[in-house]
Amino acid sequence: MASKASRHRTIALKRIPEMRPFLDEVVSRVEVPAYIDKDPVLFLHAYDGLIDKQLAGFFAAIMAWGRRDIVIAKVGELMERMGHKPAAFIGSYSEADREALAGFKHRTFTEEDVHHLIFNLRQVLDDFGNFEAFWKSVRQQALEQNRELIATFHERFMAYHTGPQRTRKHIASSEKGSSCKRLYLYLRWTVRQNSVVDTGIYSFMPASELMIPLDVHVARHARRLGLLGRKQNDWQAVTELTRKLRLLDPEDPAKYDYALFGLGIEDIEVPQEFVINKRIS
């Protein structure tokens, strides 16, 4: 068991519901239409075709690493290389099409990584018709095997992979301890209903099963509020934080991603009674 020194202080579980009015107010300020144009979620809103939305959103999520404006620029470049028709480009992709990806790079994503991930997606489309049908099959298997969804997704998606080992790191797995932030960000975008930002284009799972997309900003503010004691940003931290957010809203815990992220981008004063770790700013 971890010693007290290895964890931050946390708020008493019975006090967590007291935070709901404040955090709901932050959600209402952040989850607004104006949010879309400044976030990679815009690629799900940019296309009319369902499969275009599914695939553009997937690349936007797995490339959501670093400053949002840079991510938007690089995903936009990739979509331009696909002729802004990701479903058609990926669905008919062959080695001859690799020239369209020549020289592409975003952080550790290279032309080679994108090339092989597209091949994986093309196989998914060949076998399932659309990306949601694949996710539905993955979820059913995860439930049958009592495994975590993203671990099963990693196993199934990378079963199509014939490329280099280095490409595998772009598809996270909770069984390897990853926070799986980018894949749960994708699922937040596609699963949450009745949102002006998240699209709700997937119905294969309820929003109650979503885990928090844990990035450094969300983790920092969660620790400041005493909602997260663990110091590492890993899968254990995701499960700890999501479990506590379900005490606020068991049907839609991932909406509080907007609140915790929003505390870092909006000028919002946190009530002092909710600041449990004052040295974290």
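The values are calculated or read from the model by the stated rules, or taken from the named source; none is laboratory data. Since this is a predicted model, take the numbers as computed values, not measurements. All Cβ positions, even for glycine, are placed from backbone atoms using ideal geometry, and neighbour counts span all protein chains on display.
Taken over the stretch 137-150, residues that are closer than 20 Å to Q54 by Cα and either surrounded by fewer than 16 Cβ atoms within 10 Å (Cβ to Cβ) or among the hydrophobic types (A, V, I, L, M, F, W, C) (or both) amount to 4. For the stretch 8-28, taking the residues that are more than 20 Å from Q193 (Cβ to Cβ) and either at pLDDT below 95 or among the aliphatic types (A, V, I, L, M) (or both), the one that is surrounded by the most Cβ atoms within 10 Å (Cβ to Cβ) is identified as M19. In the set (1) over 23 Å from I150 (Cα atoms); (2) among the acidic types (D, E); (3) surrounded by 15 or more Cβ atoms within 10 Å (Cβ to Cβ), the condition left unmet by D48 is number (3).
Applying a threshold of 7 Å to beta carbon distances and a minimum spacing of six or more residues, or different chains, the list of pairs starting in the stretch 223-244 at a residue that is assigned to a helix (DSSP H, G or I) and ending at one that is among the polar types (S, T, N, Q) reads R223/N277; R224/N277; W235/S174; W235/S178; W235/S179; A237/S179; V238/S179.
Each row is one residue, and each column tells you yes or no for (1) in contact with a Phe, Trp or Tyr (Cβ under 7 Å, 6 or more places away or on another chain); (2) of a type in the set (G, A, S); (3) not in a loop (DSSP other than H, G, I, E, B).
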residue	(1), (2), (3)
K53	yes, no, yes
H84	no, no, no
Y93	yes, no, no
A96	no, yes, yes
G103	no, yes, no
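State whether one or more residues within the stretch 225-232 are aliphatic (A, V, I, L, M) and out of contact with any helix residue (DSSP H, G or I) (no Cβ under 9 Å at 6 or more places or on another chain). No, that holds for no residue.
For the stretch 135-169, a tally of residues being within 16 Å of the chain's Cα centre (by Cα) and more than 21 Å from R122 (Cβ to Cβ) returns 4.
Scanning the stretch 246-268 for residues being at pLDDT below 90 and either assigned to a loop (DSSP other than H, G, I, E, B) or within 21 Å of R7 (Cα to Cα) (or both) gives a total of 3. Being farther than 27 Å from D249 by Cβ, crowded, with 20+ Cβ neighbours inside 10 Å and modelled with pLDDT of 95 or more is a property that V124 has.
Within the stretch 170-201, restricting attention to residues that are touching a residue at least 60 places away in the same chain (Cβ under 8 Å), assigned to a loop (DSSP other than H, G, I, E, B) and within 14 Å of the chain's Cα centre (by Cα), which residue is nearest to W65 (Cα to Cα)? The residue in question is I171. Answer yes if at least one residue in the stretch 54-67 is at pLDDT below 95 and exposed (fewer than 15 other Cβ atoms within 10 Å of the Cβ), and no otherwise. Yes, the conditions are met somewhere in the stretch 54-67.
Taking the stretch 58-82 as the range and being assigned to a loop (DSSP other than H, G, I, E, B) and either in contact with a helix residue (DSSP H, G or I) (Cβ under 8 Å, 6 or more places away or on another chain) or of a type in the set (D, E) (or both) as the test, the residues that pass are M63, A64, W65, M82. For the stretch 142-164, the tally of residues that are among the small types (G, A, S) and not in a loop (DSSP other than H, G, I, E, B) stands at 2. Within the stretch 12-20, identify whether any single residue is closer than 19 Å to A219 by Cα, among the charged types (D, E, K, R) and not in a helix (DSSP H, G or I), and answer yes or no. Checked the stretch 12-20: no residue is closer than 19 Å to A219 by Cα, among the charged types (D, E, K, R) and not in a helix (DSSP H, G or I). Listed conditions (1) closer than 30 Å to L121 by Cβ; (2) touching a residue at least 40 places away in the same chain (Cβ under 8 Å); (3) outside any helix (DSSP H, G or I) are all met by Y35, apart from (3).
Could you please let me know if S28 is farther than 20 Å from D257 by Cβ and polar (S, T, N, Q)? Judged against the criteria, S28 is not a match.
Considering only residues that are farther than 17 Å from I90 by Cα, charged (D, E, K, R) and in contact (Cβ under 8 Å) with a residue 24 or more places away in the chain, which ones fall in the stretch 128-146? Within the stretch 128-146, K136, R139 meet the criteria.
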